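Chemist: Structure in structure tokens, see below.
The values are calculated or read from the model by the stated rules, or taken from the named source; none is laboratory data. Because the structure is a prediction, the values reported are computed rather than measured. Virtual Cβ from ideal backbone geometry, glycine too; neighbours counted across all protein chains shown. Heavy atoms of the whole protein, side chains included, go into the accessibility calculation; ligands, DNA and RNA do not. Shrake-Rupley method; radii C 1.70, N 1.55, O 1.52, S 1.80 Å.
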Amino acid sequence: MQEEDIKNYTIKVHALKSSARLIGASELSSQAAYLEDCGNNSDIDSIHDFTPELLANYRSYLDKLAPLYKQDENAELITPEKLYEAYEAIKEFAGMFDSDSIDGIMSMLREYRIPDDEAERFNVIASCADAADWSGLEEALKDI
């Protein structure tokens, strides 16, 4: 949206529409369907107006689905060095808008226990990565 890359924006909201429908998130799916139509019709004003609402609803699922993804207390605690190395890689890939590489790093990180003092930042990064929120990732990683 920020880059006004309507083609890729429309692809992303189409995927979100389908995924949301699969998990029963009908309101989120409807919002994504509306924005997909806006993308198909190059209605940039509506995209700018309604995307923040869609993203807020999307991000609310982090809390709603959290009980399904409790951290394995037996998982190895990631070292600060390895975590910051991963954060640096995410920051670099975010600068290239490479969501596939970021997804791979996030999958690797989810195999570890995240230190309590990094849990909040990790959750913000995970949420932004899932939403391909490049500016959110930049903000969360600005001091890395």
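Chemist: How many residues are among the β-branched types (V, I, T) and at pLDDT 95 or above if we restrict to region 80-104?
Modeler: Counting residues in region 80-104 that are among the β-branched types (V, I, T) and at pLDDT 95 or above gives 1.
Chemist: Say whether the condition of being open to solvent by 40 Å² or more (accessible area, probe 1.4 Å), of a type in the set (K, R) and within 28 Å of E3 (Cα to Cα) is met by at least one residue in region 56-72.
Modeler: Yes, some residue in region 56-72 is open to solvent by 40 Å² or more (accessible area, probe 1.4 Å), of a type in the set (K, R) and within 28 Å of E3 (Cα to Cα).
Chemist: Now for a separate question. Name every residue in region 21-30 that is under 21 Å from C128 (Cα atoms), open to solvent by 50 Å² or more (accessible area, probe 1.4 Å) and in a loop (DSSP other than H, G, I, E, B), in order of residue number.
Modeler: I23
Chemist: Next up: Please work out which residue is nearest to N57 (Cα to Cα), limiting yourself to region 112-134 and to residues that are without any contact (Cβ under 8 Å) to a residue 40 or more places away in the chain and either β-branched (V, I, T) or in contact with a His (Cβ under 7 Å, 6 or more places away or on another chain) (or both).
Modeler: For region 112-134, the residue satisfying everything is V124.
Chemist: Would you say F97 is at positive phi and surrounded by fewer than 17 Cβ atoms within 10 Å (Cβ to Cβ)?
Modeler: When the stated conditions are applied, F97 passes them.
Chemist: Name the single residue, out of those in region 36-52 being touching a residue at least 24 places away in the same chain (Cβ under 8 Å) and open to solvent by less than 20 Å² (accessible area, probe 1.4 Å), that is nearest to the chain's Cα centre (by Cα).
Modeler: Within region 36-52, the first condition is being touching a residue at least 24 places away in the same chain (Cβ under 8 Å), and the residues that meet it are 36, 39-40, 42, 44, 47-48, 51.
In the following step, the residues that additionally are open to solvent by less than 20 Å² (accessible area, probe 1.4 Å) were identified as 39, 47, 51.
On the way: G39: 20, I47: 18, T51: 14 Å.
Per the stated criteria, the residue is T51.
Residues checked against (1) of a type in the set (A, V, I, L, M, F, W, C); (2) at pLDDT 90 or above; (3) touching a helix residue (DSSP H, G or I) at 6+ places or on another chain (Cβ under 8 Å):
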| position | (1), (2), (3) |
| --- | --- |
| I11 | yes, yes, no |
| I44 | yes, yes, yes |
| D49 | no, yes, no |
| L62 | yes, no, yes |
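Chemist: May I ask you to say which residue of L141, L137, L109 is in contact (Cβ under 8 Å) with a residue 24 or more places away in the chain, buried (at least 17 other Cβ atoms within 10 Å of the Cβ) and over 24 Å from P52 (Cβ atoms)?
Modeler: On the way: L141 fails: over 24 Å from P52 (Cβ atoms); L137 fails: over 24 Å from P52 (Cβ atoms).
None of the others qualify; the one that does is L109.
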